[in-house]
Amino acid sequence: MSAPDRRTIIVCIGNELIADDAVGFEIFNRLVDCPARLEFCGVGGIDMLPLLEGETDMIVVDAVQFGAEPGTIHVLPWESLPHSSSAISAHGLGLRETIEIGTILYPEKMPQRVTLVGIEGRCFNRTRDYMTAEVQDAIEPAVSTIENILQQGGTI
Amino acid sequence: MKKTIRIDPVTRIEGHAKVFINLNDDGSLDNAGLVVNELRGFEKILIGMEADRMPHITARICGVCPTAHHIAASNALDYAAGVTTPPAAMLLRELMYMGHIIHSHSLSIFVLQGPDLVMGLDADPAVRNVVGIVQANPELAKIALRLRTIGQKINEMVGGRGTHPVTSVAGGITFVLDQEKKKIIQEWIDEARALLPTVVPAVKGLLLKALDLHPAMLNDWVAPSWGLGTVLNDRVSLIEGKLRAIDETGATMLEFNVDEYDKYLVESVVDWSYMKKVHFKLDGLHEYRVGPMARMNAMRRFGTEMADAEYAEFAKLGGSPCHLTVFQTYAKLVETIWAIERADEIINDPAVWGETRVPVTFKSGRGVGHSEAPRGTLIHDYEIDEKGIIRAANLIVATQQNYAIINRSVEQAAQSHVIGKTDDAALLNAVEFSIRCYDPCLSCATHAVGRMPLEIAITCGGTTVKTINRNN
C-alpha cells in the first residue's frame, strides 16, 4: 500500500475486555503497519481532541448500535451521525458532539474530514469471549475498508 | 390503581439504564429508582490470572476511572504480599492519582454538569447540551479542557500510559523520577494553578445562579445520610489511610482498615435492578454516600491553603456536613483545587526521590486494598493461592454504594419537578440532573456510538397511557 498523500489520523475506540466493544481494539492491532498515524482510546469523546495535531483527515473506528444487523460496517461522514441526547454519566459524549466542540474551540486543529467506520455490535454487557460471531467476521473486512479509505486519500 | 412513569435513557445499550417513577392513585409519589443492568463477569474473568497482572487488567475495566482501579489493585497486592510500600512509591502513586482526579473532575464539572448549570434545567434540550455550553462560554470551556489535559498528562507521565496506566505494581512503582521530568510536571502544575483564579469563580457563579433559578435544589433536594471517606494524617486522602464512617450529623461513628470492609458494608439485592445495593451495617443498616462530598463531610480538612479556604466557603453555603445533592459539583471543584496543590507538594517533597520498589512474593491468602475513585470508595478484594494465582475476586465500586442515595435523589427530583407538573421536558431534565450529580459509572464500558433515545412510559394498571420520547 502506498502512503496516503493526506495526513490522516486513525483513532480506534473500545474496551478489549468487552464482547463486541473489543472490535475497535482488534482492528487497532491489525492496523499497526498502516501508513497513517494510529491511536487507541479506551473511551472516545472529548479525549480525542487533544490527540489531534492538525491532520487533514480523521478516521474513527468504534463499535456502534445503529439498529442494523450485527457485523454491518457503517462508513459515515461525521455530519451524518445522529445527535446524542443528554448524557447521565461521563460515558455518554458522542462523536458528533466531540467534533462540534472541537470545531468551536480548536478550528485550526480540526481535520477537514472525519469518517466513522462503525461496526454494528449487539453484545456489550458480557466479557470478551462472548463477541458476536458476525462482529468477529467483520474485523478483516473493516480493516480492508479502512485501508481503502486511506488509499483514496480519505474520501469515501 | 398505581401509575408508573418510566424514563428510559437506554444509553446506547438496550436495557442498560432506566428510571422508573411509581405514582399512587392520587398522583403522589410511591417510589422511584434507577434500574441498572450491570456488566456481567468482570470478577469472574480475573479468576485464574496471575495476581501481579491485577493493576494492569483491572485498569481496563473502566475507561473513565482506570487509575482508581490501577491503584486499588496495587494496594491490594501490597497487602497480600505483606510488604510496606516505600514512601516514595506511595507519593508517586498519589501524584499519578492527583492527575487522574484533575482529569476526571474537570470533565464531570464542565462537560457533564456544565450544561445544566449554564443553560438551566428548563432550557431547550437543543441548546442544553455540551455543545451549547461550549458555544455559550468558549473561553471557560477551553480552560476546563486544558485543565483536563494537564491532569491527563501528569497521569500519563507517572503512569506510563494515559488511558490505562501501567507503572504501579505490587511493592511499588516502576516510574523513575528525574530532574527533567520533575521540571515538566512542575510546569504543568504551575499552569493548572494559574487557571484556578478564572475557573473557580466562574463555576461557583454558575452554581449559585442555578440555585437562584431553582430554589428546590437548595430546599428540597437534600439527602441527609451517612458518609464514608478516607482519612490520613488528619486530612482527606485518596490512596491510603483509614475509612471513616460518619452519621447524618457528621459525627464519626467508626474508623476502620479496609480489610474489615466486609464487616460493615453489606450488599443486598433489589428486585428491580441487577446492581446490588450496599448499606453500612453498624447498629442497624444505614444508607450512605461516597464520593467528593462524602469525603469532605467525613474529614473537613485538606491541609492545603486554597482548598481549605474554598472548603470554608463551601461549608458556609452548603453546611457542614453538607447533604445538598447539587453541591456534589462544588465538592468536585474543591477537590480539583486540592489535587493541584497536593501534586505541587508531592513533586517538591524530598521523600519523592527515595526507593520506589521492594521485592514481593505472594503467600497464599487475601489481598485487600482501596482507593477513593473520583466517584467514591473503590475496594478490591482478592483470594490468592500459593502460586500467586487469583482464586476469587470481589470489587465494590462507588456507584453501588451511592445507589440508595441516587434513588432518593431521583425521588426528590420527581417530587419537586415531576409530580403534578405537565412539563415532560422538565421531568426528564430534573431526574437526569439528579442522577448526573453522582456521575454513576453504570458499567464502565459502554460507549459505543449510537442513538440514545430517552423514553418515558406512563403506565396505569399495566396499560401504557402515554409515551414521551426525547427524540420526538
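Would you list B:Tyr79, B:Tyr382, A:Tyr106 from fewest to most Cβ contacts within 10 Å?
So the residues, fewest neighbours to most, are A:Tyr106, B:Tyr79, B:Tyr382.
Fewest to most neighbouring Cβ within 10 Å: what's the order for B:Met90, A:Met110, B:Met306, B:Met96?
In increasing order of surrounding Cβ atoms, one gets B:Met306, A:Met110, B:Met90, B:Met96.
Once you charge only the Cβ atoms, +1 for Lys and Arg and -1 for Asp and Glu, what is the size of the charge dipole of the range B:112-221 about its Cα centre, to the nearest 20 debye?
The dipole of the range B:112-221 has a size of about 360 debye.
Under the definition of Cα pairs under 8 Å and six or more residues apart, what whole-number percent is the relative contact order of chain A?
Contact order relative to length: 34 percent.
Could you pull out the pairs from B:Lys182/B:Lys387; B:Lys277/B:Lys332; B:Lys181/B:Lys209; B:Lys181/B:Lys204; A:Lys109/B:Lys332 whose alpha carbons sit more than 32 Å apart here?
Pairs exceeding 32 Å: B:Lys182/B:Lys387; B:Lys181/B:Lys209; B:Lys181/B:Lys204.
Amide H to amide H under 5 Å from A:Leu38: which residues, 5+ apart in sequence or cross-chain, H placed 1.01 Å off N in plane?
A:Ile10
Rule-based calculations on the coordinates, nothing more; no lab input. Please read all numbers here as calculations on a predicted model, not as lab measurements. Positions of Cβ are backbone-derived with ideal geometry, glycine not excepted, and every protein chain shown enters the neighbour counts.
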